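Colleague: Please find one structure pasted underneath; my questions will follow.
The values are calculated or read from the model by the stated rules, or taken from the named source; none is laboratory data. Everything numeric here is computed off the predicted structure, so don't read it as measured data. Heads up, the Cβs are rebuilt from the backbone with ideal geometry, glycines too, and the neighbour counts pull from every protein chain shown.
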Amino acid sequence: MASDKRIEDLQILLTKRAQAKLGGGEKRIKAQHDKGKLLARERIYLLLDPGTFEEMDEFVTHRSHDFGLEKQIILGDGVVTGSGRIDGRLVFVFSQDFTVFGGSLSEAHAEKICKVMDMAEKLGAPVIGLNDSGGARIQEGVVSLGGYADIFLRNTLMSGVIPQISAIMGPCAGGAVYSPAITDFIFMIKKKSHMFVTGPSVVKTVTHEEVTFEDLGGAVTHSTKSGVTHFACDDEKQCLQYIRKLVTYIPQNWKEKTPVKHNMDDPERAEEELNTIIPADNTRPYDMKKIIRLVVDMEEIQVGEYEIEIEKDAKKKAKKNGKDGDKGKDNGKEPTMESSFFETQELFAPNIITGFARLDGISVGVIANQPSKMAGVLDIDASVKGARFVRFCDAFNIPLVVFEDVPGFMPGTFQEWRGIIKQGAKLLYAFAEATVPKLTVITRKAYGGAYDVMNSKHIRADYNVAWPGAEIAVMGPNGAAEIIFKKEIDSAKDPKKALADKVEEFKKKFANPYAAAARGYIDDVIEPSETRAKLIRALWMLQTKEQSNPKKRHGNIPL
Ligand code: HXC
C-alpha cells in the first residue's frame, strides 16, 4: 500500500520537535537535573502564564565545521526562544540550554537571541533572558564574539525603550556578563549561579588571591558587596516567580503609562500608628520600611505558583511571631493579603531603600532613606543604587515617591577618595532630570545638600510635604550652633549651658518644617496618618503631567 506523504510529513515534524525538546540528550538532561537545575523549557513554563509559550526557531542549527562540530548538530542550538504572557501581558523570552554545548553562544544561538530582542522592540514588550552558559562557543572563535557584540548593541539601544530583565541560572562568565549588566534587573540564585569577568583560577594566577566561585561571584556576593544583582533568590522557582511579580509593576515599554492594577484597599485609609512612629528623641533610629508598608496598598497575593510560595513564607513568619500572619486564610475563602511593596536590591546599601509599590493601584517607584541603617546617610553605594532606580522609573513613566529622613552625605577619606562627589552627583542628576510625577514626604531630617538631592521642590518635584516634626535645615542643631555661635560659646562663663541655649534657639528657628513651608519649598505640612490619602490624591492629580527637558543629543551624567 502506498504511503500517505501527508502523514509522513507530519511524522517528520513531530519527530524533529521531539528531538529538539531533548536538547543535548538524556544523559545531559539527567546531569542538569542532578545538579538541582531545571531545563531551559521547564524554566520558561514556570515563568509564563500556563499554555502561553509560543516557541520559535526550534529548528535552527549551528553552521560550524570545525573541531568535529559538523557531527554534532543539535536542533535549537542551545537556546530556546519565543514569546508568552505574564499576568496576561506579552513578553519575549530566551532561555539558554546548558545541555547543548554547555549553553555556549554560537553564531546561530546569538542570532536567535537577537531575533527575539528585535521582536520585543518592534512590539514594545519586555524581554527576559534566562542565562545558563559556558560563554562563547569556543569552537566558533571570533564568530561567537561577534554574536555577543550583536546582543550588547541591542541591550544598549533598547535600554529605556523596553524593560530588559536577566536571570542568571548557572554560569555567566567573561564578557558574557556585560549583557545582563546593561539590562534593567538581574536575578541570581544562591549557590547555583555565578557571574565574574574571570574565574577563581585566573584570579589566583593574576592576583594570587584564593577565592571560591561562590565568594567571587555568587548571588550573595553580588547582592551585598558589588550590587550587581537586584535579587538573590533561594531557588529557580522563587526566581521565576519574582520575575513574574516584578513585571506586574512595570509598563510594557517607554510609551506606556505606569500600570494600574486595581485592588480593594481604601485610598483614604488613615494610619494612626504613623502619628507616633518617629521616636521622640530625634537621634533614635526607626524602620522606614514599616512606614512604607503602612502607606502603600495592601493587595491580594498573585494566583498560582507564586501564591503557594508566599503563603508558605507568611505561615512560617506567622508561626515565628506567634500570631496569625495570613488573615482570613482559615476558612479558605477570604484572600490572603500582603503589602504591595516589592523591594529591589534589599541587601545592598541598605541605608537607602528602593522598590516598587502600588498606591490605589497605581504602580510607583519608592526611594527612601533608612534611618535604621547608618542613620540613612547617603554614601557612594546608596547614591548609585538610588540613581539607577530613579532612572529606570523615569525611563518607564513610573512615578517616584520619596520618603526622606537624611542627615546628609557620608564624610571621610574612604568616601572622598572613591568619589562621593561624583557618585552623589549621580543621584542628584537622576532626580533632577526625571520628568515623571515626583512626590516627597519628609518624615524627619532633611539636612544639607541631601535635602536638595532627595527630590526637592527646587529640582522639579511636584508634591512635597513634611510631617510636623520634620527638620529642614543646613545641618543638625548641634553642629550648627557650634559653628555659628563658636565665639559666644567659648567666651561664656558656662560654655555647656551656652551651647545648650544656642542649640535650642537654632531648633526653634530651623528644626521644623515651617521655615521651608513659609517659602513654598514644601507644599504642606501634613498629619502623618493622612500620608496615604494625600499621596494618592496627588498621584491622581498628576496623571496628566507633561514635562520635557531641553533638546540635546544626550546628557552627560557624572559616571
Ligand atoms: C563550547 C562548552 C563551553 C564553551 C562548556 N562547554 N563550555 N562548549 N564552548 N564555552 C561544554 C563542555 O565541553 C561540556 O560538553 C558541556 O559543555 C558541559 O560542560 P562541563 O564542563 O562538563 O560542565 P560543568 O562542569 O558544569 O562546568 C561548566 C563551566 C565549564 C564552568 C561553564 O564548562 C567551563 O569552564 N567552560 C568554559 C568556560 C569558558 O572559559 N568560556 C569562554 C569564556 S570567554 P560535553 O560534550 O562534555 O557535554 C567568553 C568570552 C565572551 O565567554 C566574550 C563576550 C564579549
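Colleague: Residues in the stretch 224-264 that are out of contact with any helix residue (DSSP H, G or I) (no Cβ under 8 Å at 6 or more places or on another chain), crowded, with 19+ Cβ neighbours inside 10 Å and part of a loop (DSSP other than H, G, I, E, B): how many?
Modeller: Qualifying residue count for the region: 5.
Colleague: Of all residues in the stretch 160-192, how many are out of contact with any Pro (no Cβ under 8 Å at 6 or more places or on another chain), under 20 Å from F101 (Cα atoms), assigned to a strand (DSSP E or B) and more than 12 Å from the ligand (Cβ to nearest atom)?
Modeller: Selection size over the stretch 160-192: 1.
Colleague: Can we say T15 is closer than 18 Å to F92 by Cα, of a type in the set (V, I, T) and more than 16 Å from the ligand (Cβ to nearest atom)?
Modeller: Considered against the rule, which asks whether it is closer than 18 Å to F92 by Cα, of a type in the set (V, I, T) and more than 16 Å from the ligand (Cβ to nearest atom), T15 comes out as no.
Colleague: Also, quick follow-up: Here are some residues: K509, K493, K502. Which one is surrounded by fewer than 17 Cβ atoms within 10 Å (Cβ to Cβ), over 28 Å from the mean Cα position of the chain (by Cα) and assigned to a helix (DSSP H, G or I)?
Modeller: None of the other options fit; the residue is K509.
Colleague: Could you give me the residue pairs with C-beta distances under 6 Å whose first residue belongs to the stretch 454-469 and is in contact (Cβ under 8 Å) with a residue 12 or more places away in the chain and over 17 Å from I277 (Cα atoms), whose second residue is part of a helix (DSSP H, G or I) and of a type in the set (A, V, I, L, M) wherever it lies, and which are 6+ apart or on separate chains?
Modeller: I459/A432; D462/L542; Y463/A538
Colleague: Is it true that some residue in the stretch 144-159 is among the hydrophobic types (A, V, I, L, M, F, W, C), touching a helix residue (DSSP H, G or I) at 6+ places or on another chain (Cβ under 9 Å) and away from the ligand (no atom under 16 Å from the Cβ)?
Modeller: So far as the stretch 144-159 goes, yes, one or more of its residues are among the hydrophobic types (A, V, I, L, M, F, W, C), touching a helix residue (DSSP H, G or I) at 6+ places or on another chain (Cβ under 9 Å) and away from the ligand (no atom under 16 Å from the Cβ).
Colleague: Scan the stretch 103-129 for residues that are within 13 Å of the ligand (Cβ to nearest atom) and out of contact with any strand residue (DSSP E or B) (no Cβ under 8 Å at 6 or more places or on another chain) and jot them down.
Modeller: Result: S106, E107, A110.
Colleague: On the basis of being within 16 Å of the ligand (Cβ to nearest atom) and in a loop (DSSP other than H, G, I, E, B), does R63 make the cut?
Modeller: Against the criterion (within 16 Å of the ligand (Cβ to nearest atom) and in a loop (DSSP other than H, G, I, E, B)), R63 qualifies.
Colleague: Being touching a helix residue (DSSP H, G or I) at 6+ places or on another chain (Cβ under 9 Å) and not small (G, A, S) is the filter here, so list the residues in the stretch 5-27 that pass it.
Modeller: Answer for the stretch 5-27, where residues must be touching a helix residue (DSSP H, G or I) at 6+ places or on another chain (Cβ under 9 Å) and not small (G, A, S): K21, L22.
Colleague: Being of a type in the set (D, E, K, R) and surrounded by 24 or more Cβ atoms within 10 Å (Cβ to Cβ) is the filter here, so list the residues in the stretch 445-461 that pass it.
Modeller: K445, the sole residue that qualifies.
Colleague: Can I ask one more? State whether the residues of the stretch 204-223 include one that is in a helix (DSSP H, G or I), β-branched (V, I, T), within 15 Å of the ligand (Cβ to nearest atom) and in contact (Cβ under 8 Å) with a residue 12 or more places away in the chain.
Modeller: Within the stretch 204-223, none of the residues are in a helix (DSSP H, G or I), β-branched (V, I, T), within 15 Å of the ligand (Cβ to nearest atom) and in contact (Cβ under 8 Å) with a residue 12 or more places away in the chain.
Colleague: Quick one: V100 ticks every box in (1) under 20 Å from F53 (Cβ atoms); (2) more than 14 Å from the ligand (Cβ to nearest atom); (3) touching a residue at least 60 places away in the same chain (Cβ under 8 Å) except a single one, so which number is it?
Modeller: The number of the failed condition is (2).
Colleague: Just the residues that are surrounded by fewer than 24 Cβ atoms within 10 Å (Cβ to Cβ) and farther than 15 Å from F231 by Cα, please, taken from the stretch 342-358.
Modeller: Passing the criteria: N351, A357.
Colleague: Still on this structure, please answer the following. Taking the condition closer than 23 Å to E530 by Cβ and either outside any strand (DSSP E or B) or of a type outside the set (D, E, K, R) (or both), does I472 pass?
Modeller: For I472, the condition - closer than 23 Å to E530 by Cβ and either outside any strand (DSSP E or B) or of a type outside the set (D, E, K, R) (or both) - is met.
Colleague: Okay, moving on. Being within 11 Å of the ligand (Cβ to nearest atom) and farther than 16 Å from G147 by Cα, is that true of even one residue in the stretch 77-93?
Modeller: No, there is no match, as no residue in the stretch 77-93 is within 11 Å of the ligand (Cβ to nearest atom) and farther than 16 Å from G147 by Cα.
Colleague: Identify all residues within the stretch 512-524 that are part of a helix (DSSP H, G or I) and surrounded by 17 or more Cβ atoms within 10 Å (Cβ to Cβ); write none if there are none.
Modeller: A516, A517, listed by residue number.
Colleague: Sort out which residues of the stretch 337-388 are in contact with a Pro (Cβ under 8 Å, 6 or more places away or on another chain) and among the acidic types (D, E), and write them in order of number.
Modeller: D360
Colleague: Of these, A20, A2, which one is away from the ligand (no atom under 16 Å from the Cβ), at pLDDT below 95 and hydrophobic (A, V, I, L, M, F, W, C)?
Modeller: Exactly one residue qualifies, and that residue is A2.
Colleague: Let me ask another. State all residues of the stretch 130-143 that are on the phi > 0 side of the Ramachandran plot and within 10 Å of the ligand (Cβ to nearest atom); if no residue qualifies, say none.
Modeller: Residue satisfying the conditions is G135 alone.
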